[in-house]
Amino acid sequence: MSAADNLSFVRSEIAKAARAAGREPESVTLVVVSKTFEAADIRPVIAAGQRVFGENRVQEARGKWPALKAEVPDIELHLIGPLQTNKVKDALDLFDVIHSLDRPSLAAELAKEFAKREGRRPRLLVQVNTGAEPQKAGVLPEEADAFIARCRGDHGLAIDGLMCIPPFDENPAPHFALLAKIAARNGLDQLSMGMSADFATAIAFGATYVRVGSAIFGHRA
Ligand SMILES: *Cc1c(COP(=O)(O)O)cnc(C)c1O
């Protein structure tokens, strides 16, 4: 199966999961995760009509996306990995959505850079470490409300929604449910949750962005 074939399969699975949940398929945006893959691998997926892509490293994205964006101007690029404060400027030049706002120092740096720039500002999602895993980025669930309030109040940042990456070896459903609950009580519409193995479950719990890599490009080296 080619990546383009996989893309159409994933699209139909997304539509199926959405309808099963009584939702419109268009309410779910597929973010195709192209990390570790090169422009030559990505071009056929763009040619098949995909426009929304995710990368987890600023540096890697800088290496391949400016050229691809020059070829296809309506690409929307999402940062789904951790963002160091010294890479914020580069990230703002490249990304349309940042899924990994996870600490006060990053909120402060984003606010500082936004104040210097006219126009285009990426949409922001707060990452929540729903499994409270020490090695994983994200604010703890019990700290999420205060962090969101601080982003809005102290830094004047508009927050669009929340993102999570459930623990690898657990049933993801309770994590998706928790993220949806935190979003609802904070008046947030966007939920970035669900990857290749569990996007259908995430859609049942209200995902509006699913981040799918290996189901489209195959296994990463
Ligand atoms: C790599 C990655 C994905 C995609 O994972 P697959 O299992 O390949 O679909 C999704 N979200 C994040 C944050 C990632 O780093």
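The values are calculated or read from the model by the stated rules, or taken from the named source; none is laboratory data. Since the model is a prediction, treat every value here as computed from it, not as a measurement. Here Cβ is always computed from backbone atoms with ideal geometry, including for glycine, and neighbour counts include all displayed protein chains. For accessibility, only protein heavy atoms count, side chains too; no ligands or nucleic acids. Shrake-Rupley method; radii C 1.70, N 1.55, O 1.52, S 1.80 Å.
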**Message:** Quick check on region 210-219. Is at least one of its residues touching a Leu at 6+ places or on another chain (Cβ under 6 Å) and of a type in the set (S, T, N, Q)?
**Reply:** no
**Item:** Lone unmet requirement of (1) of a type outside the set (S, T, N, Q); (2) more than 15 Å from the ligand (Cβ to nearest atom); (3) open to solvent by less than 20 Å² (accessible area, probe 1.4 Å) for Ala115
**Value:** (3)
**Request:** Would you be able to tell me the number of residues in region 63-75 that are within 18 Å of the chain's Cα centre (by Cα) and surrounded by 15 or more Cβ atoms within 10 Å (Cβ to Cβ)?
**Result:** 2
**Request:** Being open to solvent by 70 Å² or more (accessible area, probe 1.4 Å) and out of contact with any Asp or Glu (no Cβ under 9 Å at 6 or more places or on another chain) is the filter; apply it to region 41-62 and report the residue that is nearest to the ligand (Cβ to nearest atom).
**Result:** Arg57
**Asked** When region 93-107 is examined, which residues are found to be surrounded by fewer than 20 Cβ atoms within 10 Å (Cβ to Cβ) and farther than 21 Å from Asp145 by Cα?
**Response** Asp93, Leu94, Asp96
**Complete:** Checked pairs for region 99-127, first of a type in the set (D, E, K, R), second more than 16 Å from the ligand (Cβ to nearest atom), C-beta under 6 Å and 6 or more apart or across chains, list as Glu109/Thr85; Glu109/Val88; Glu113/Val88; Glu113/Leu92; Arg121/Phe114; Arg123/Asp160
**Item:** Residue that is farthest from the ligand (Cβ to nearest atom), among those in region 178-221 that are open to solvent by 40 Å² or more (accessible area, probe 1.4 Å) and of a type in the set (A, V, I, L, M, F, W, C)
**Value:** Ala184
**Condition met for Asp169 (surrounded by 15 or more Cβ atoms within 10 Å (Cβ to Cβ) and either within 13 Å of the chain's Cα centre (by Cα) or within 16 Å of the ligand (Cβ to nearest atom) (or both))** = no
